[in-house]
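The values are calculated or read from the model by the stated rules, or taken from the named source; none is laboratory data. Fair warning: this is a prediction, and the values are worked out from it, not measured in the lab. Cβ: placed from backbone, ideal geometry, glycine included. Neighbour counts: every protein chain shown.
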Amino acid sequence: MSERKPIVSWLTDMDGVLIHEGSLIPGADEFIKRLRDSGRRFLVLTNNSIYTPRDLRARLAHTGIDVPEEAIWTSALATAQFLDSQRPEGSAYVIGEAGLTTALHEAGYVLTDNDPDYVVLGETRNYSFEAITRAIRLINDGSRFICTNPDATGPSLEGALPACGSVAALITKATGVEPYFIGKPNPLMMREALNKIEAHSETSAMVGDRMDTDMLGGLEAGLETFLVLTGVTQADEVDRFPYVPSTVVPSIADLIQYVT
């Protein structure tokens, strides 16, 4: 294996890496500060499509992490960009929150339940049986099925919550139609993130807490990968996967030294 070039650009997941349920993960503020002070290009990536970048900037700031709005890239933004490239000024029936609906509106999409081009499924803490039923019928009638991310579960203080991937599986079971997932580990989201900061995969790294999204996405995009053990994937689970991260560390605090 050839030796990798020095890291000059960083992509990092948010939940489980920088924060956990609204609380700072120790060292995350110093890591971001080091990136900003060093002038290194970076982007915070999240599969969470609930919030807009402005919302997320405020949430991070509340914990003491200073991230510019333009340095946040969500699966909602990636989904809107993808749909705009496929069918400009199209229409969509959306299950999701403001992060997704705002991104689609800004991309020129009409949100409707009247013969939409797409059914777009995003994250929400309040999935409606009525909305899911409507999505199933629209897909059966010919609407294309898009999902912002494949995460089966999401974190909460009480434990795991069903997330986008689980609800997508329900809809697929009812319709026989598989969705196209936009978020990590889709290399599409990773490539667009690199393009956004004008970075190259050979000199970039991905930091994440999930083997099935962050590490796989980084690996397939050709990035150096760092798994932190402060989120979903635990140390004893790493060897269950047929691929490995470049490096496993206890937390983001252990990566501050890598930012030069």
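Scanning segment 114-150 for residues that are more than 15 Å from PRO179 (Cβ to Cβ), surrounded by 12 or more Cβ atoms within 10 Å (Cβ to Cβ) and of a type in the set (Lys, Arg) returns ARG134, ARG137. Taking segment 213-223 as the range and being touching a residue at least 60 places away in the same chain (Cβ under 8 Å) and within 15 Å of GLY16 (Cβ to Cβ) as the test, the residues that pass are THR213, ASP214, GLY218.
The lone criterion from (1) in the same structural domain as LEU223 (by TED's automatic domain parsing); (2) of a type in the set (D, E, K, R); (3) out of contact with any helix residue (DSSP H, G or I) (no Cβ under 8 Å at 6 or more places or on another chain) left unmet by ARG87 is number (1).
Screening SER166 on (1) touching a strand residue (DSSP E or B) at 6+ places or on another chain (Cβ under 9 Å); (2) outside any strand (DSSP E or B); (3) not assigned by TED's automatic domain parsing to the domain that holds ASP117 shows it passes everything except condition (3). Screening GLU130, GLU178, GLU192 for residues that are assigned to a helix (DSSP H, G or I) and over 24 Å from LEU56 (Cβ atoms) leaves exactly one candidate, GLU130. Restricting ARG4, ARG87, ARG57 to those that are touching an Asp or Glu at 6+ places or on another chain (Cβ under 6 Å), over 20 Å from MET206 (Cβ atoms) and surrounded by fewer than 17 Cβ atoms within 10 Å (Cβ to Cβ) reduces the list to ARG87. Residue-level analysis places LEU100 among those that are in contact (Cβ under 8 Å) with a residue 40 or more places away in the chain, closer than 19 Å to LYS196 by Cβ and within 14 Å of the chain's Cα centre (by Cα). Apart from one condition, GLY108 fits all of (1) over 19 Å from the mean Cα position of the chain (by Cα); (2) buried (at least 18 other Cβ atoms within 10 Å of the Cβ); (3) assigned by TED's automatic domain parsing to the domain that holds SER143; the exception is (2). Checking the structure you have, find out if any residue of segment 151-164 is buried (at least 21 other Cβ atoms within 10 Å of the Cβ), under 27 Å from GLY27 (Cβ atoms) and polar (S, T, N, Q). Within segment 151-164, not a single residue is buried (at least 21 other Cβ atoms within 10 Å of the Cβ), under 27 Å from GLY27 (Cβ atoms) and polar (S, T, N, Q). Within segment 206-243, the set of residues being hydrophobic (A, V, I, L, M, F, W, C) and in a loop (DSSP other than H, G, I, E, B) comprises ALA221, LEU223, LEU229, VAL232, PHE241.
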